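The values are calculated or read from the model by the stated rules, or taken from the named source; none is laboratory data. Everything numeric in this text was worked out from a predicted model, so none of it was measured. Using ideal geometry, Cβ is built from the backbone for each residue, glycine included, and neighbour counts are taken over all protein chains shown.
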Amino acid sequence: MDRDKIVEEWKLLYELGIVISLTTELKKLLHVVLTAVTIGDGLGFNRAAIFLYNRPSNTIDGVLGVAPDSIQEATAIWNNLKNLDIRGKMASWLLNEINIEAQSSSNFNKSISQFRISLGKDTVFKNIDQKQAFIFDLSSLGSDDKIFQELQFEQFVFAPLISREQPIGAIIADNFYNKRPITQDDIDTLFLFSNQSAIAIENLMSIETYKNMSKRLIEEQQNLIHQKHIFNLGRAVADITHEIKNALIGAIGFLERARKISDSDSQVFKYLDIVKKELDRVYNLTLDINRYAKGQNKSIKKQFDLEKLILETIETIKSINFPSINFITNLSEFAKYIYGDPDQIKQVLINLIKNSTEAIANKKGGFIKISTYKEDKFIAITVEDNGGGIDIKFLPYVFKPFYSTKSHGTGLGLSIVREIVQEHNGVISLDNFVGIGAKFIIKIPNMVEEEKNEKKDNGS
Ligand SMILES: Nc1ncnc2c1ncn2[C@@H]1O[C@H](COP(=O)(O)OP(=O)(O)OP(=O)(O)O)[C@@H](O)[C@H]1O
Ligand SMILES: [Mg+2]
């Protein structure tokens, strides 16, 4: 490359670097990056696509492809850009003028965004951890590289996206329409630009994950508040109707007496009769409301597979919020089954695990350990973490409703846990290791075992 060309290239990369750093939304950033790769005043390729590494599923997922759908469309776009003369104003053009909707609706993008392949397959993507870009043609593809044949990538550049030494995906670009041969300069420039883009993409991905996480946590908190409200409301209604019912029983009793001592032909008797009928109606209504209010809080208990519930809960938490959390399980086969309300026990697990995830959030090497074991007539479940434990001065308050040391906590998590455990005739305790971690221990009566023993005693 001669000196002028090098200067030109650095100017271009500098300008693109500014655009990238000014883009604050992931979707827009991906469009900006691929538009820069495909406009003549940018890197000048005809088509480009971004693929990202999906760590939880260990797959490569196509996320965006930018290309005209036909040679006519390509020519129209190029002519249009020539007339606009965006040289020197590329930054503001990229930031403000990209037609995201039009780009997204191309057939090329549809094919790319449906693409997903396991990283273990024989494809060009096995090169994503390489610190260089490659040029591929149809003869050098892997046996699982069908997408490139389908989209007729005859010769293309494969540039890994590496951020902080870690592969996060790749950009692929070719000259499908004008068939301009790809030069070494093209490859080098795309590689430099990919590296520049990778850091920005990864930053915005982290921010987006964080935003989703916060949204979920807020939703969960609102759920908890709602649950607690319903719970309290149900209890209050049950208490009030109980009192009304008692008062009515007294009133109806005296009414009966008054009716008995009055003359059955008298006007008083007729009035008392009407009052009795009305009070009976109120009494029945009170019974219904009382039954309903109690029913709201009544748990539906049965024998269920505790181990399965724990593993499912971990999976859910991992897949939704915290894919990278290190969960350790130590589940005893003697504590596989438990008698209780699976929905409520799941709530217990979620609330405890949520606290642990919050405790280890900024900790390197953080883990959450969930164990079960059988102890006398109890099944024990423990949730333990190494998030530093609870300051001694807060210990007396942690189970109290609305007590929280978190800026966004409602402080209901542990109080709901305790209520559910008590509702199961169980006990909850805490082993707190200040500076190390906290371990919550729940013990629920082992009704399954008791039932078996009873059956044995009865000889059945
Ligand atoms: N595993 C844990 N490690 C350290 N501190 C904990 C742990 N679990 C609970 N705590 C402390 O106990 C307090 C009360 O917990 P609780 O779950 O009831 O409420 P919260 O987590 O603050 O809010 P919410 O669960 O309603 O969002 C927490 O604010 C925190 O200080
Ligand atoms: Mg909590």
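Quick look at the values:
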{"item": "Pair list, Cβ under 7 Å, 6 or more apart: segment 442-453 residue of a type in the set (S, T, N, Q), other residue at pLDDT 80 or above", "result": "446/374; 446/377; 446/378; 446/379"}
{"item": "Residue identified as within 18 Å of the chain's Cα centre (by Cα) and more than 26 Å from residue 403 (Cβ to Cβ) among 190, 217, 224, 204", "result": "204"}
{"item": "Residue within segment 243-256 that is on the phi < 0 side of the Ramachandran plot, surrounded by 11 or more Cβ atoms within 10 Å (Cβ to Cβ) and touching a residue at least 40 places away in the same chain (Cβ under 8 Å) present", "result": "yes"}
{"item": "Cβ-Cβ under 6 Å pairs, at least 6 apart or on other chains, segment 424-441 side of a type in the set (D, E, K, R), far side surrounded by 15 or more Cβ atoms within 10 Å (Cβ to Cβ)", "result": "431/439; 439/382; 439/384"}
{"item": "Selection status of residue 351, of a type outside the set (Val, Ile, Thr), surrounded by 19 or more Cβ atoms within 10 Å (Cβ to Cβ) and at pLDDT below 95", "result": "yes"}
{"item": "Some residue of segment 321-337 being of a type in the set (A, V, I, L, M, F, W, C) and within 16 Å of ligand 2 (Cβ to nearest atom)", "result": "yes"}
{"item": "Scope segment 39-61; condition part of a loop (DSSP other than H, G, I, E, B) and charged (D, E, K, R); matching residues", "result": "41, 55"}
{"item": "Check on residue 313, closer than 27 Å to residue 435 by Cα and β-branched (Val, Ile, Thr)", "result": "no"}
{"item": "Some residue of segment 370-381 being closer than 30 Å to residue 207 by Cβ and of a type outside the set (A, V, I, L, M)", "result": "no"}
{"item": "All positions within segment 35-51 that are out of contact with any Phe, Trp or Tyr (no Cβ under 8 Å at 6 or more places or on another chain) and modelled with pLDDT under 90", "result": "35, 39, 41, 42, 44"}
{"item": "Failed item in (1) touching a Lys or Arg at 6+ places or on another chain (Cβ under 6 Å); (2) assigned to a helix (DSSP H, G or I); (3) within 11 Å of ligand 1 (Cβ to nearest atom), with residue 334 passing the rest", "result": "(3)"}
{"item": "Selection from segment 266-286 of residues that are polar (S, T, N, Q) and under 56 Å from the mean Cα position of the chain (by Cα)", "result": "284, 286"}
{"item": "Matching option when the condition is among the hydroxyl-bearing types (Ser, Thr, Tyr), at pLDDT 85 or above and assigned to a helix (DSSP H, G or I), among 292, 283, 271", "result": "271"}
{"item": "Residue pairs meeting the criteria (Cβ under 9 Å; at least 6 apart or on separate chains; first more than 12 Å from residue 438 (Cα to Cα) and free of Cβ contacts under 8 Å to residues at least 12 places away in the same chain, in segment 383-410; second of a type in the set (Phe, Trp, Tyr) and in a loop (DSSP other than H, G, I, E, B))", "result": "394/403; 397/403"}
{"item": "Filtered residue count, segment 409-425, keeping only those that are in a loop (DSSP other than H, G, I, E, B) and more than 7 Å from ligand 1 (Cβ to nearest atom)", "result": "2"}
{"item": "Subset of segment 372-407 (residues that are more than 26 Å from the chain's Cα centre (by Cα), near ligand 1 (Cβ under 9 Å from one of its atoms) and among the hydroxyl-bearing types (Ser, Thr, Tyr))", "result": "397"}
{"item": "Selection count, segment 128-161, where residues are over 22 Å from residue 188 (Cα atoms), free of Cβ contacts under 8 Å to residues at least 24 places away in the same chain and not in a helix (DSSP H, G or I)", "result": "3"}
{"item": "So residue 143, is it hydroxyl-bearing (Ser, Thr, Tyr) and at pLDDT below 90", "result": "yes"}
{"item": "Residues of segment 391-407 satisfying the condition of being of a type in the set (A, V, I, L, M, F, W, C) and near ligand 2 (Cβ under 10 Å from one of its atoms)", "result": "398"}
{"item": "Filter pass, residue 310 being modelled with pLDDT of 90 or more, part of a helix (DSSP H, G or I) and closer than 25 Å to residue 227 by Cβ", "result": "yes"}
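Conditions (1) in a strand (DSSP E or B); (2) of a type in the set (Val, Ile, Thr), marked per residue:
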residue	(1), (2)
316	no, yes
323	no, no
327	yes, no
339	yes, no
349	no, no
353	no, yes
356	no, no
361	no, no
